[in-house]
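To start, the structure under review is shown below, and the notes come after it.
The values are calculated or read from the model by the stated rules, or taken from the named source; none is laboratory data. Since the structure is predicted, the reported quantities are computational estimates derived from the model, not experimental observations. Positions of Cβ are generated from backbone atoms using ideal geometry, with glycine treated the same way; all protein chains shown enter the neighbour counts. The accessibility values were calculated without ligands, DNA or RNA, using every heavy atom of the protein model including side chains. Shrake-Rupley method; radii C 1.70, N 1.55, O 1.52, S 1.80 Å.
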Amino acid sequence: MEEMFLSLDERIDRLAKMTYSDIYREMDRLVEEYSKKELYPKLIVRLSALSTKLRRAAIYGLARVGGEDAAIHLMQQLQSSKKGIRQEVLRALGEIGGEKVEQVLIQVMSYKDWFARETAGKALAELGSPKALPTLINTLFNDRSNKVRKAAAIAIKKILEKYGGEPVQKLNDFLEPYRDKPGYRSFKMLEASLVLETCDNVIENVELST
């Protein structure tokens, strides 16, 4: 009965005092009860809240109602010092999907924060688009962080598995359009078999060192 007398702003703000499981349940209710036009701008505002719980609630809600339009706002949250917020964002981006989200995640692969790069690589693996392969291959061979390289290696293998067929031939097919493009000089002589062998080596070596 209390909810009948609370405004939408009040119902959102009280999420800061709930447990995360209750936050998600309540946000699901708000998504059912209010239109995107009503809810979306209020969630965008809460991305700047001091409360970590409120920011994560807003991120979760935007994944439900925001669609690809929310991707640029969520990308900014990947620079947060709070690990939980970054994880919430990547789950949200993975749920939203789409070309805009993929573009956001590819941009994140060049961030200074290794954790953001690693989690973006994991999210790209879940999206499974071959358009991410050039970025992931560059990451595999050039990133300074072994954990990021492992995430890229796993993503490459998952994307190829999604499309089936013989992995070396499939990767060659995906790489062919890039071999003569400016900015992809290193792909000119790159053998698909070497990429896949490097993927296996990176995954094995990182697992042995942890």
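Of note:
- Verdict on Gln79 being open to solvent by 70 Å² or more (accessible area, probe 1.4 Å) and assigned to a helix (DSSP H, G or I): no
- Exclusive hit being within 30 Å of Val168 (Cα to Cα) and surrounded by fewer than 17 Cβ atoms within 10 Å (Cβ to Cβ), set Ser110, Ser51: Ser110
- Residue under evaluation Phe5, criteria (1) more than 22 Å from the chain's Cα centre (by Cα); (2) closer than 21 Å to Ile85 by Cα, criterion not met: (2)
- The criterion of at least 1 residues that are within 20 Å of Ser80 (Cα to Cα) and of a type in the set (Lys, Arg) is met, among helices (runs of 4 or more DSSP H) falling completely within segment 94-158, by 114-127.
- Segment 103-116, residues that are under 12 Å from the mean Cα position of the chain (by Cα) and either over 20 Å from Arg149 (Cα atoms) or modelled with pLDDT of 90 or more (or both): Ile106, Met109
- The residues listed here are Glu32, Glu26, Glu88; of these, the one that is charged (D, E, K, R), over 28 Å from Leu124 (Cβ atoms), assigned to a helix (DSSP H, G or I) and open to solvent by less than 40 Å² (accessible area, probe 1.4 Å) is Glu26.
- Ala70 meets all of the listed conditions (1) in contact with a Ser or Thr (Cβ under 7 Å, 6 or more places away or on another chain); (2) open to solvent by less than 10 Å² (accessible area, probe 1.4 Å) but one, namely (1).
- Residue count for segment 158-202 satisfying the condition of being of a type in the set (D, E, K, R) and open to solvent by less than 60 Å² (accessible area, probe 1.4 Å): 2.
- Test: residue in segment 160-182 that is in contact with a Gly (Cβ under 6 Å, 6 or more places away or on another chain) and outside the structural domain of Arg86 (by the TED database): yes
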